[in-house]
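The values are calculated or read from the model by the stated rules, or taken from the named source; none is laboratory data. Please read these numbers as outputs of a predicted model, since none were measured by experiment. Counting neighbours? That spans all protein chains shown, and the Cβs are built from the backbone with ideal geometry, glycine included. Protein only, heavy atoms only, side chains kept; ligands, DNA and RNA dropped before computing areas. Shrake-Rupley method; radii C 1.70, N 1.55, O 1.52, S 1.80 Å.
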Amino acid sequence: MGTLRDLQYALQEKIEELRQRDALIDELELELDQKDELIQKLQNELDKYRSVIRPATQQAQKQSASTLQGEPRTKRQAISAEPTAFDIQDLSHVTLPFYPKSPQSKDLIKEAILDNDFMKNLELSQIQEIVDCMYPVEYGKDSCIIKEGDVGSLVYVMEDGKVEVTKEGVKLCTMGPGKVFGELAILYNCTRTATVKSNLC
């Protein structure tokens, strides 16, 4: 009988030990979820900075190479802006324009926004408003769509063709369909940070 009582006591101890381990696992899983959220938030912030830094870094590397070859060094570039002061009440009565478009065009615009580091964190209702407000504009070959230094009021999404992006005459990249451009001047209330020209070849 003593053996049965010992076994029951040992079983009780094991059950209590398992209960404590389950509680510990629950705590660790909660902590892991919180760390996952933090990692995702930090990753989003890092993506935002990378999209601005990459073009500047590429240009800096070219400048370093040219400095080593004896050419004079140019000043660093930066983007700086101040938020616009406005009363949120002024926006409550604004009616946004609506331009009908095909489901394919709507999907293209939405996907381009969600792929953009600066715009992907907008609320879905805001993205839908942007999709509804956009309208088609066509440019011929070698047209200047955005000029560096100009005041910007439009955001573009490429549907067809290609554009070439330059800063101070240095080519930064070529973009194709499904890409947003011109958003920095709108989001940060600054002048256009690069020139964008159409290139249909």
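Applying a threshold of 8 Å to beta carbon distances and a minimum spacing of six or more residues, or different chains, the list of pairs starting in region 98-114 at a residue that is within 10 Å of Glu159 (Cα to Cα) and touching a residue at least 24 places away in the same chain (Cβ under 8 Å) and ending at one that is loosely packed, with under 11 Cβ neighbours inside 10 Å and not polar (S, T, N, Q) reads Ser105/Pro136. Is there a residue being within 20 Å of the chain's Cα centre (by Cα) and either open to solvent by 70 Å² or more (accessible area, probe 1.4 Å) or of a type in the set (Gly, Ala, Ser) (or both) anywhere in region 157-171? Among the residues of region 157-171, at least one is within 20 Å of the chain's Cα centre (by Cα) and either open to solvent by 70 Å² or more (accessible area, probe 1.4 Å) or of a type in the set (Gly, Ala, Ser) (or both), which makes the answer yes. For first residues located in region 174-201 and over 11 Å from Ile146 (Cα atoms) and at pLDDT 90 or above, partners that are among the aromatic types (Phe, Trp, Tyr) and surrounded by 15 or more Cβ atoms within 10 Å (Cβ to Cβ) and lie 6+ apart or on another chain with Cβ distances below 9 Å form the pairs Met175/Phe181; Lys179/Tyr156; Val180/Phe118; Val180/Tyr156. With respect to Arg19, is the statement that it is at pLDDT below 85 and either in contact with a helix residue (DSSP H, G or I) (Cβ under 9 Å, 6 or more places away or on another chain) or in a helix (DSSP H, G or I) (or both) true? It is false that Arg19 is at pLDDT below 85 and either in contact with a helix residue (DSSP H, G or I) (Cβ under 9 Å, 6 or more places away or on another chain) or in a helix (DSSP H, G or I) (or both). Of the numbered criteria (1) in contact with a Phe, Trp or Tyr (Cβ under 6 Å, 6 or more places away or on another chain); (2) at pLDDT below 90, the one Asp132 fails is (2). Checking each residue in region 136-154 for being of a type in the set (A, V, I, L, M), open to solvent by less than 80 Å² (accessible area, probe 1.4 Å) and at pLDDT below 90 picks out only Leu154.
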